[in-house]
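Where a number appears in this text, it was derived from the coordinates with a stated rule and is not lab data. Keep in mind that what you see is a predicted model, and the values were worked out from it rather than measured. With ideal geometry, Cβ positions are generated from the backbone for all residues, glycine too; neighbour counts draw on all protein chains shown.
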Ligand code: ADP
Ligand code: XUL
């Protein structure tokens, strides 16, 4: 009986899901997760990352991801030997934009890993840069401007690559490092994204990238789905030779390497090219046709869905990425997701139950009290300096602050995703906070849309397992049919639905305008009280 394995290496944790498909019988055979802070404390991360030393700099140790992958595989092999032995295919989903810098011996080491020894110590000298800047880094404003200038402006960059230059995108991150540490850059043989790094470890060879993750670099030409030479030149010397190839998202990168076969008894299962967590979530939320959107409430909040592939000009917000289904997806990302919700919960010493109570006992619209919850620098809208701003909101009123943070997140998401041109009537919710029905009620009311909570909160991980299944079917001569791949895993039957209240939805029409005015005022220099 074939089993398929998906991993999601997110900001704070690594999750694995094993699914089984036997004709019409489909199910989840295993689900396991662990948090980096708790299980690998020796790396010194907080919420999976390390901040500083300079303002805006946020990195993670790539060796931690490698060790996490090995520990997870060891756990799965121990707890589910039969399923692991029956593995047909595997795929990685990973946080987007983060970059891993391997030196020449590191790149060569991939194929000579010794199965008698653990992975991480064998990679000790593999990195030309010991840390990986991640999507939360906001330290590259100067590099964004330099790259945009060199290619003829942000609009030209956006038309080619799907995005204006963004601080967290890999191109600006590479440019900063190549400028600051030219010798170490010269000693870099290969620059991976997190997805291709982990896929390389699985196959024991340099792995390619898919157009979903590659589009998160400001370097990929959407029309050719290959690197755009002008952008590469504008970013760093001889960059193209250091980047993985971009291939179709259904490509089999290789078999599981002999390291995993010998050390943990894995079969030589097919490993599909990896992708970012958002493209992977597109599959895991079942968005294989246009017209629906999903909202992921994870460390970041994201709203995404399939789009026609063009991007209106003149916009600051949003991105176009390649979609795993072969077309394009639109996405808008908000940095202040669970960090902002956690901040408010902790500040008022609440449990999630208390947080939900506060939402239940406060009215939609919150008596016009507003909060801009920028606990960390914000991506959408662009805000370089973190700060929590309040309007008509008493800082001592815990319940009002809880409602304010959730309403703010939903209103800013609704306001900044008009550009996708999708009339939002139905939303699939995923990510850690989608487990909270009171939060989903605010989402339904603000968007005036039905919100479906999927049975899995980790759709990125499920999406990885489903991508593995899809690529395996195609590789063995089967039909390229996404609907049949997701059937039984992402079904309306397995969801909980939250309906908008018409009175509450009407309340937000006006409040969204006020929120925009408050947000605009603060983006251009806020005078309100900041925490
Ligand atoms: P990521 O994948 O980005 O690491 P997750 O999607 O796993 O993040 O979400 C983790 C977050 O989910 C936690 O930080 C927490 O804020 C949030 N979370 C978990 N349970 C609840 C709940 N009942 N209500 C609100 N938020 C929750
Ligand atoms: C998307 C983005 C985040 C990360 C982490 O552009 O930056 O969603 O992928 O989840």
Inset, instruction - Out of all DSSP beta bridges with both ends in the chain, state the antiparallel percent to the nearest 5. - result: 75 percent
Legend entry - Cα-projected label distance for residue 233 with residue 205, points at 7 Å along beta-carbon direction, nm: 3.3 nm
Inset, instruction - Could you list 273, 57 in order of exposure, starting from the residue whose Cβ has the fewest other Cβ atoms within 10 Å? - result: 57, 273
Inset, instruction - For segment 355-454, report the translational diffusion coefficient in µm²/s to the nearest whole number, using Stokes-Einstein at 20 °C, 1.002 mPa s, and a Kirkwood Rh over Cα pairs. - result: 150 µm²/s
Inset, instruction - Sort the following peptides by mean Cβ neighbour count (other Cβ atoms within 10 Å, averaged over residues), highest first: 39-51, 256-268. - result: 256-268, 39-51
Inset, instruction - Evaluate the relative contact order of the chain (contact order divided by residue number), counting alpha-carbon pairs under 8 angstrom at least 6 apart; express in whole percent. - result: 15 percent
Inset, instruction - Before anything else, pin down the relative contact order of segment 342-430: Cα pairs under 8 Å, at least 6 apart, normalised by residue count, whole percent. - result: 29 percent
Inset, instruction - On a 0 to 90° scale, report how tilted helix 194-203 is relative to the longest principal axis of the chain, with both axes built from alpha carbons and the result rounded to the nearest 10. - result: 30 degrees
Legend entry - C-alpha long axis of helix 459-475 to longest principal axis of the chain, angle in °: 40 degrees
Inset, instruction - Can you bin segment 1-95 into rounded, prolate or oblate? Criterion: square roots of the alpha carbon gyration tensor eigenvalues sorted a ≥ b ≥ c, rounded for a/c under 1.5, prolate for a/b above b/c, oblate for the rest. - result: prolate
Inset, instruction - Compute the distance in nm between two label points, each set 7 Å from the Cα along the Cα-to-Cβ direction, one at residue 261 and one at residue 142. - result: 5.0 nm
Inset, instruction - State the Cα centre-to-centre distance between segment 346-407 and segment 412-484 in whole Å. - result: 25 Å
Inset, instruction - Sort out for me the Cα centre separation of segment 175-206 from segment 318-337, rounded to whole Å. - result: 23 Å
Legend entry - Ranking of 427, 174, 283, 134 by count of other Cβ atoms within 10 Å, fewest first: 134, 427, 174, 283
Inset, instruction - Using only the Cα atoms of segment 42-184, construct the convex hull and provide its projected area averaged over every direction, in square nanometres to one decimal. - result: 11.3 nm²
Inset, instruction - Give me 412, 351, 285 ranked fewest to most by other Cβ atoms within 10 Å of their Cβ, as a rough exposure proxy. - result: 351, 412, 285
Legend entry - Residue-averaged 222 nm ellipticity for the chain, from DSSP H runs of 4+ at -39500 (n - 2.57), nearest 500: -11000 deg cm²/dmol
Legend entry - Globularity index of the chain, i.e. its alpha-carbon radius of gyration over 2.2 N^0.38 Å: 0.93
Inset, instruction - If a/c stays under 1.5 just call it rounded; otherwise compare a/b with b/c (prolate if a/b is bigger, oblate if not). Do that for segment 173-227, with a ≥ b ≥ c from the square roots of the Cα gyration tensor eigenvalues. - result: oblate
Inset, instruction - Equivalent ellipsoid semi-axes for segment 416-509, as square roots of 5 times the alpha carbon gyration tensor eigenvalues: give them largest first, rounded to whole Å. - result: 31, 15, 11
Legend entry - Rounded to 10°, Cα long-axis angle of helix 338-347 versus longest principal axis of the chain: 50 degrees
Inset, instruction - Any chance you could check the Cα centroid distance between segment 112-155 and segment 68-92 for me, in angstrom? - result: 27 Å
Inset, instruction - Report the relative contact order of segment 264-361, percent, no decimals, based on alpha-carbon pairs under 8 angstrom and at least 6 residues apart. - result: 22 percent
